Structures are given as structure tokens and as C-alpha cells.
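Report on the structure given below.
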Amino acid sequence: MTPSPGRPTEAMPQFEMHATGVEGATEGTERMEVSMGPHHPSTHGVFRMDVELEGETITKLKPVFGYLHRNHEKIAESTSYLGSMPYTDRLDYFNSMTNNWAYALSVEKLAGIEVPERAEYIRVITAELTRLQNHVSLIGFLVQDMGALGTPLMYAFRERERILDLFESLSGARMMCNYMRFGGCRCDVSADWIKQAQSVVEAFPQFLDEFEALISENEVLMARSQHVGILKPELAIDAGVAGPVLRATGVNYDLRKVDGYGIYDRFQFRVPLGDHGDVYDRYMIRVLEMRESVKILQQALAEIPNGDYVNPKAKLRGFRPPPGEAYGRIEAPKGELGFYLISDGSPKPYRYRVRPPSLINLTILEDMCLGQTIADAVIILGSIDIVLGEVDR
Amino acid sequence: MIGKGILKGMVETARNLTGSFHDPDRLTTVEYPEQKIPAKENARNFPFLIYDGDDWETGLRCVSCQICEKECPPQCIYIEKDKEKKPDFLGKMQMQPKIFDIDVSVCMGCQICVEVCPFESIRMDNDFEYAGSDRFKSLLLTKDQLAKSNKYYHSIHPTEAQETDEIRVQKREDHLAKEKAKAEKLAKAKKEAASKAALSKAETAKEE
Amino acid sequence: MWFEELLIAIKHYLVLQMPGSLQPVGSAFLSCLPIMTSFGGLFALATLLERKMLGRIQNRYGPNRVGPGGLLQPVADGIKMLTKEDIVPKNADHLIHFLAPLGLLVSAMLGLSVIPFGHRLIALDIETGILFFFAVGAASELAIFMAGWGSRNKYALLGALRAIAQMISYEIPLILSALSVLMVVGSLSLSDVVQAQSGGIHTWHIFTPWGFLGCILFLISTLAEINRSPFDIPEAESELIAGHMTEYSGFKYALFFMAEGVAMFAMCALTATLFLGGYHAPFPILSFIPGPVWLFGKLTSLVLLFIWIRGTMPRLRADQLMEFAWKFMLPMSVVNLIAAGIWVALDGGVAAWISSGLLNFVAYFGWSRILSQASRFSPRTYRYAEEAGVSE
């Protein structure tokens, strides 16, 4: 056959399919390597999965990250303690309030700063609001990954917007709040704000009911997510997985109960646990967790005492904690978020280390994806709930 | 039964479809350039410099102490001191900035400069429409672009501006009290010195 | 009927103006022209309608910037698509890559030629109309595979393979459920099918037990056949970028979209013809309104249903889609065929109603019960950690 004019004259290069020589490869079939990312529609940022496929079944998966590396830890080591606070907003940019809290908590441990009671209440309120908006938007993204064309996502964002409005009227910014300070918070909440927050919180369960009516019992969603991406509790514990991903496997580990940081021991709430550790469990655990968060919020908003919103003794400028080290951790919406600090007595931390829940939860991606199809890999990644800002730092 | 959950979901979307025509709680879209959400009182975006009175050059509160420049996490502030001093609101002679630039393409709006400023001179603006056709110059705000009146500050953050004004009134009172005390002390010292002198005079006179 | 007669008279007049040798070609051209233009225009409006309605479902406005209420948005989209660079990958098979969108559009358009749009308004009134429709519809599978293979892209290939598997599987329940109508009507000609439903709304096939189930099965298969949500797995955006269309840009991409739109109209028109009385008015009093208006009305309401479904549902996985086709759709369509057979044997009437209705009812509930018991998914209940036994 004579080559047509538009065609390259040399022999056309074959697809880069190659037999990998992996044991178990069937005679005559070849495995295909697909690089999903870094600009794939469903990798939640710049993240790459090198997937090896047999048909559509995944035989190997290598997560590749680091595209969003911003030198966060090194920058923090050359900035004052206060100066790192706005940078922590940008770790997990969905949950700046909890990032602030974790960092403030570890600095408070390091320097031995007391936090007034009102500030503790404000912190619980903002953290739980953060949890609500994180979980609700995560579920929206997850269902969009399953192909629901953004309808649940749009509903989720509609509700998230109300919470972001609260954050804006409290801290001045919608996402990059930069609200916590060592020994309290940057500014006080007004009685008016508490009223607004109460009305948002009261309306939230109704929205959750609607949301669940839309998708929780949908046969397609159940078929897609049940028995998919199963994580065994032993592996989850070994890998250091935390947060809703761990609790979906049935391990009862919630830092709010276990660690007793802040004033969580004063509130009545339960920890939902899953039994299968699959994508559907991770989805439902988050829905149930939101319902518990609403309970915490109702109690905290009703009980918030008067008093200082920040420890008056805490210094803003010229802050030098005594030499030592501290590790503060909280139950962030995505898992255990910890900050490890070493001070040498200077205004800058000697060592600053973040334990990002997104990164550590991501390490088990391949174990969950092997043997599943490429369509499952997408929703498994979605169900882990990663934010690349936190993974890459 | 296959199909029940799907039908339930479809009823839900149908409710939203009809709801978006009559329920403002559902259709929350604000069509931006024509409509705008009124800014929240605490909303912050980029910093600006406050001046008192009508003339921005003489009324500028900044004394170019450079604390904000040092504390700014992304280091987007650049200050150069002027050689000439000018009196501040207390009447004291203070330094003033010759150059005060904020690169808002670097600024992350964290508000730390506001918190550390001991002279209540830098505050957060809530204007966010900074887009310009120039890549660098239009986002490098100079002193004259940054200077905004205290009146403007009152119009965007009324509560906070009121608090700031109270602080300044307090400062002035403190200053006046201090001045008064100082003057009294001075007067007393003078008096004492005078009486001492008179005494010693008398003594010398006595000795004589 | 006056409208149809008027159109036919105009066509005859125009044909007679032509020289004798050109008349057959001219006649064919005049038959095709209204179909192509009206469906092209309808496609443009449908994209707008779809985006508007999806927007409303998602509590947004949808496009409303170009023209009054966004009416000119399709024009703007068209201009954008036409002026975009047409990129062909270096290693692509240029000829196949070029032919694929054309093949898809042609096969979709050809299907419209056998649809009766009104009394005697049918471009190609052949005895085996429905056979022709399915035959040219099946050609779209070839075009999609050409697109997937010719692009030399892994995502495109995966998408094309998925598309082939899906479309071939769903062709069976599609044809079987259409077969029930043909059995009852006793003809393969679509004009005969429409004529059988001419007596008003009670003669429409959807208001019979076999027609109701057949219509639902037909619609579900249609969704799979035209790759629409929840069966849009060949072009699953979150998994395969755009499936077989990944390497297309500019006007070729627009052609793919247009082909999909036209295929959707063709399938909806066929559904309306088979089950919803075609171009007939629901009540004989309303028959002064022209037939094409009724057909387009029915077609549009089916399109709206598809948009509504698209706004609600997540996407199935490829293997679950197959399972659904073979385990649910195929048995149900066979049962439906038997129900239609009973109907024919008892020659309509109350006995036929009860027996075929009962058969379908029992089969659906029984079979879906068996399936859901056998399936691994079900709603779950969750436990909470006990307060006392907090373990580290």
C-alpha cells in the first residue's frame, strides 16, 4: 500500500504497549501504561498516577506528586513564628481554620501559653464549621468523579458558600482565614455572628437530608462505590492512615476523643464507624460525621462564655519561645494534622515539620486500587480526600 | 427494587429545578459585574495607608518604622526613609517614608502588617478590583496610590475605624497627660531649683 | 393534514420547475434539505436548552450573556469551534482520524430519513424502515472506533473499546423492545406503525402493558446507544478525559457533538414514532395542529427527560453496564416480547390487557427482587463507637 500524503512515510510507531514480563501476564496480551495526570480532569490538582492496565484492570499504580511543592517547611524555618501562620492557610486550602489551630496548638505547647475559654469555644466552632464545608464539598467532588455532572457538587458548594460567608464576616477572608493566634484568636466573635452561625447550623441537617435523598440510595452510586477500594484496618493502622478513611475501616480512632485537645470533652458527640472500608463507607462516614459536627456546633454556640478571646499575655511581636520541642496535633477534616516544632530560643523555629494527613492517607492508594478498574481508581482517589497543597507542601 | 433510589434522586433534582425559579435560597448566583454582594464589614484584601485631614502627604500616619516591612511574611513591602521629618498628630517630629511600595502581586492579604503596626497607619482595604493591563507596574502600588483618607477607612470598616480612632484619642490624651506631667515636673523642678537657688542665695547671703 | 399537503405541493412545484434529468436528484435534495436544516437548528437550540436546564437543576442560571437570555450562545459556540485550530496528532492515522466524525454524522443523519414527520412527510418510505434505521445506526459504532483507533491515544482507544462493547450489547434490548411494537403492528414500515396509533391517545402503544415496559427499556437502551449519562462511559470525563474525542479539536469536535445531538433526536423521534403516536395529536380535536409540531413536541419532551436524567445520575462502571444489559435488560425485553405475543394472540381486549400486564408486572418485580438479593450492594446502617471503650 502506498502511503497517503498525510501519513508519515516511515513505519508508524506502535503504541507504547509492552509486555512487562510480570508474572501472570497472559500469553498474547500486553499491558498498557497510562499516565493519568498531572492535568487529568479528576486528579484534584496536579497529581499523576502512572497506571499499568491489563484491559481496564489496574495491575500497578504509582502515585507521583511534588508538582505543587512550595518549600513550605523551609520557608517557615526562615520566618518568624507568627509569619508562618498565614502560610499554614495554604497547606490544605479547604480547611485553613483547622490548619491554623494545629499550628497554634503546637506553638502554645512549645511556649506554654494558656488559651482563654472563650477562645477555645471559638476554635471549636470554627473547626467544626470547617469540617462541615470540607466534607460537603468533598462528597460533591467524589460524586462528580463518579460522573454526576456536578449537580451534587453545586448543591454542596451552595451550602459551603454560607459557611464561607461566616468565615468572611469573622476573619475577613473566605478561605485564607489566618484567624488563630498563639493564645487565642485574632478578633472576637460578635453576638450577631453567633446568631448567623446558629441559623446556618440549624439549616444544615435539612440540606443533608436533601443531599442524601439525592444520592445516598441511588443504585448507581451504590453499585459504583460498594466493595470498591477496600482498605483493611490492619493495613490502615500500619500505614498511619487517620481520619474518616481510617474510621471507615472500623477503627475507633478520633483525636477529638483520644487526644482530648481543646475542649472536645465537654461536648456530646458520637464517632461513626464503618464496617467494610470501601468507598461507600468513606462517603457515609463523612455524612454521619457532619451530622455529629452539627451537634457539637449547636452545643458550642449555645454555651459560649464571655471573656477574653486571646490571652492578653501572649506577645505578637518579638515572640521567642524557650528552647525545646513540641508536637501539636488535631483531628483535621482529612485526618491527623500535626506540627512538630523545635525551638532554639530564636524568633524562628529551628525545625518545622508538618504531618499532612493527605500525604499519609495517599500512601495506601496503590493497595486499594490493585485489581480494580481505571474507573474505580478515580473514585478511590477522590474518596481519600487529598488536597495537593498539603500533599506537596 | 431497582430504580427506587434513582427516582428519589430525580424528584430531588426536579425540586431544585423548580426551586431555582422562585426560591432565592436555591438560586444563589450573583451576576458579578452588574450585581455585587455588599462587602462584609471585616472583609480584607490588600493593605492601604491612612492619612488624617485632607492632604495625604502631610497627614500620612506612617512614620516609616519599617516594622511591617520586617514582619511581612512574603516580604512585599518596601520602605525607604525620608531625610526630612514632619510633625505627627501629637506634634512630635517623626520620620516619614520617602518610598512606600506594596507589591500586591506578592501580597497575600494576611493582615499581619496591620496587627504589628504601632502607629495605626496601615489597614486592610476591601477593594478587590485590581486588574490592570500592565503586568508588573499596575500591581506595584506606590505611596500615593496606597494613601487613603481616614474617612474612607470609616466608610469600609466602621467599627474597626472607630476603635482605631479611640486608640488615637487615648494616645493623645496620654501624651497630653504625659506632657502635662512633664511640664509640671519641669515646672516643679524649676521651682525647686529656683527655691534652691533662692535658698542658696540666702545662705550665701547669710554667710556673708 | 393541510400543512403536510402544503409542503408536498411546494416540493412538487419546485421539482417540476427542474429539467427532467435533474428531477430525481432534485427531489431527493428537496427531501433532505428540510431535515438537515431543521435538525441542525434544533441541535443548536438543544445545546442551549440542555445547558440552561442543567444550570437550573444545579441552581445556576446557565448561559445568559450572548444575546437576549443567552439565545445566541450556540452561534457564539459555533464561531468559536470554527475558528479553533484543527489539531491532528503527528502519529495519528490521518485519513481515519478525518473520516470518523463525518461517518458518525452521516450515520446519525441517515436514520432521520425513515422517520415519518407528518402524513406522507417521509423522506424514504421503505417497507423495512426500522431495519434501515438500526442498520445505519449501527454504523456509528464503526465511526466511533475509527475515532478511537485513528487518534493514536490511549484514552481514545480505551473509550472506543468501551463504546463498542456498550453499543453492541445494548443494541439487543433496543431491537427486542422495538420488536414488540412491530409484532403487534405487523409491519416493518414506520408509516404503518404510526398509522396504527392514529386513533388518539388511547391507541398509543405506551398505554399498553407491553408498550409501557417496552418504551422504558427502549429509552434506557437509547441512552446507552447514544452514550448519554448515566451510560456515558465511553467519554467519561473524569476517567478518560473525553474518550474517543480526546484528540479532536475545532470543527471536528463540533461535528462529534452534532452527531451525538442528531443521533439523540433520531432515537427520540423513533421512540415517539414507536410508542408515542408519532406525529398524531393525542386527541383528534387537536389534529388541526400540523403533525411535525406534535412530533417535535414529543421529541423535545423526551430530550428534556434525558437532560433531567443527565442532571441526576452518576455514571455506571463499564462492567456493571454490561451486567445491567445482560442480566436485566435482555431478560426483561424477552419477557416483554412474550407479553406482546400474548397481546397479539388474544387480539387486544381486557383479557390481553390483564394477562400481558400481569406477566410484565410479575416479571419486573420478581426479577428485580432476585437481582437485588443477588447483588452485592444495598443500603447500609452504621454503628457508632461506644463511649466507654475508646481504644487507642
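Overview of results
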{"item": "Where B meets A: accessible area buried, both sides, 1.4 Å probe, Å²", "result": "2600 Å²"}
{"item": "Under the span-like rule (Cα at least 20 Å along the axis, Kyte-Doolittle mean at least 0.5), DSSP H helices of chain C", "result": "C:2-17, C:23-57, C:94-111, C:129-150, C:154-185, C:209-225, C:250-275, C:291-312, C:330-346, C:349-374"}
{"item": "Pairwise centroid distance, computed over Cα atoms, of region C:268-305 with region C:327-392, Å", "result": "30 Å"}
{"item": "Extension gain (nm, one decimal) between A:ASP50 and A:GLU303, 0.36 nm per residue minus Cα-Cα", "result": "86.0 nm"}
{"item": "Where trypsin sites (Lys or Arg not before Pro) fall in DSSP loop in region B:47-156, at most 13 other Cβ within 10 Å", "result": "B:LYS83, B:LYS85, B:LYS92, B:ARG135"}
{"item": "B versus C: buried accessible surface, summed, Å² (probe 1.4 Å, to nearest 100)", "result": "1700 Å²"}
{"item": "Most mobile listed residue (A:ILE380, A:ILE113, A:ILE330) in chain A, GNM with C-alpha springs under 10 Å", "result": "A:ILE113"}
{"item": "Qualifying trypsin sites (Lys or Arg not before Pro) for region C:305-387 [loop in DSSP, other Cβ within 10 Å: at most 12]", "result": "C:ARG376"}
{"item": "For a label point 7 Å along the Cα-to-beta-carbon line of C:SER198, residues of region C:161-189 with backbone N under 16 Å", "result": "C:185-187, C:189"}
{"item": "The protein assembly as shown, accessible surface, carbon-and-sulfur percent (1.4 angstrom probe)", "result": "61 percent"}
{"item": "Folded to 0 to 90 degrees: helix B:4-22 orientation relative to chain B principal axis, Cα", "result": "60 degrees"}
{"item": "Pairwise FRET efficiency - A:ASP209 versus C:SER372, Cβ, R0 = 30 Å, nearest 0.05", "result": "0.80"}
{"item": "For region C:195-243 versus region A:218-268, the gap between their alpha-carbon centres in whole angstrom", "result": "41 Å"}
{"item": "Distance between modelled label sites at B:LYS85 and C:ALA351, nm, 7 Å Cα→Cβ extension", "result": "11.7 nm"}
{"item": "Kyte-Doolittle mean at least -1.0 and Cα axial length at least 27 Å: DSSP H helices in chain A", "result": "A:117-145, A:151-171, A:191-215, A:279-303"}
{"item": "Accessible area in square angstrom per residue, region C:31-372, 1.4 angstrom probe", "result": "38 Å²"}
{"item": "Estimated [θ] at 222 nm from DSSP helical runs (n ≥ 4, -39500 (n - 2.57)) normalised by residues in the protein assembly as shown, nearest 500", "result": "-17500 deg cm²/dmol"}
{"item": "Global form of region A:101-197, assessed from the alpha-carbon gyration tensor, a/c cut-off 1.5", "result": "prolate"}
{"item": "Semi-axis lengths (Å, descending) of the ellipsoid that matches the C-alpha gyration tensor of the protein assembly as shown", "result": "68, 33, 28"}
{"item": "At q = 0.18 Å⁻¹, base-10 log of I(q)/I(0) for region B:38-94 (Debye sum, equal scatterers on each alpha carbon)", "result": "-0.80"}
{"item": "Surface accessible to a 1.4 Å probe, per residue, for the residues of region B:109-208, Å²", "result": "69 Å²"}
{"item": "Efficiency of FRET from Cβ geometry, C:TYR384 and A:GLU325, R₀ 41 Å, rounded to 0.05", "result": "0.70"}
{"item": "Theoretical FRET efficiency, 1/(1+(r/R0)^6), r = Cβ-Cβ of B:PHE21 and B:SER200, R0 56 Å, to 0.05", "result": "0.05"}
{"item": "Inter-centroid distance (Cα atoms) of region A:290-321 relative to region C:15-72, Å", "result": "61 Å"}
{"item": "Loop-exposed GluC sites (Glu not before Pro) per DSSP, neighbour cap 15 Cβ within 10 angstrom, longest uninterrupted part of chain A", "result": "A:115-393"}
{"item": "Candidates per trypsin sites (Lys or Arg not before Pro) in region A:257-345, loop by DSSP, up to 15 other Cβ within 10 Å", "result": "A:LYS313, A:LYS315, A:ARG317"}
{"item": "C-alpha long axis of helix B:158-207 to longest principal axis of chain B, angle in °", "result": "10 degrees"}
{"item": "Over 28 Å between alpha carbons, listed pairs A:LYS315/B:LYS36; B:LYS86/B:LYS178; B:LYS8/C:LYS298; A:LYS315/B:LYS83", "result": "A:LYS315/B:LYS36; A:LYS315/B:LYS83"}
{"item": "Accessible surface buried once A binds C (1.4 Å probe; total of both sides; Å²)", "result": "5200 Å²"}
{"item": "Region B:47-166 - convex hull of the alpha-carbon atoms, volume per residue in Å³", "result": "105 Å³"}
{"item": "Spatial extent of chain B: Rg and Dmax, with the Cα atoms as the point set, Å", "result": "29.2, 126"}
{"item": "Value of Rg to Rh for chain C (Rh from inverse mean 1/r over Cα pairs, i.e. Kirkwood)", "result": "1.02"}
{"item": "Alpha-carbon radius of gyration plus Dmax, which is the widest Cα pair, for region C:96-223 in Å", "result": "16.9, 54"}
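The values are calculated or read from the model by the stated rules, or taken from the named source; none is laboratory data. Quick caveat, the model's predicted, so the values are computed rather than measured. All Cβ positions, glycine included, derive from the backbone under ideal geometry; neighbour counts span all protein chains shown. In case anyone asks, the SASA skips ligands and DNA or RNA and just uses the protein heavy atoms, side chains included. Shrake-Rupley method; radii C 1.70, N 1.55, O 1.52, S 1.80 Å.
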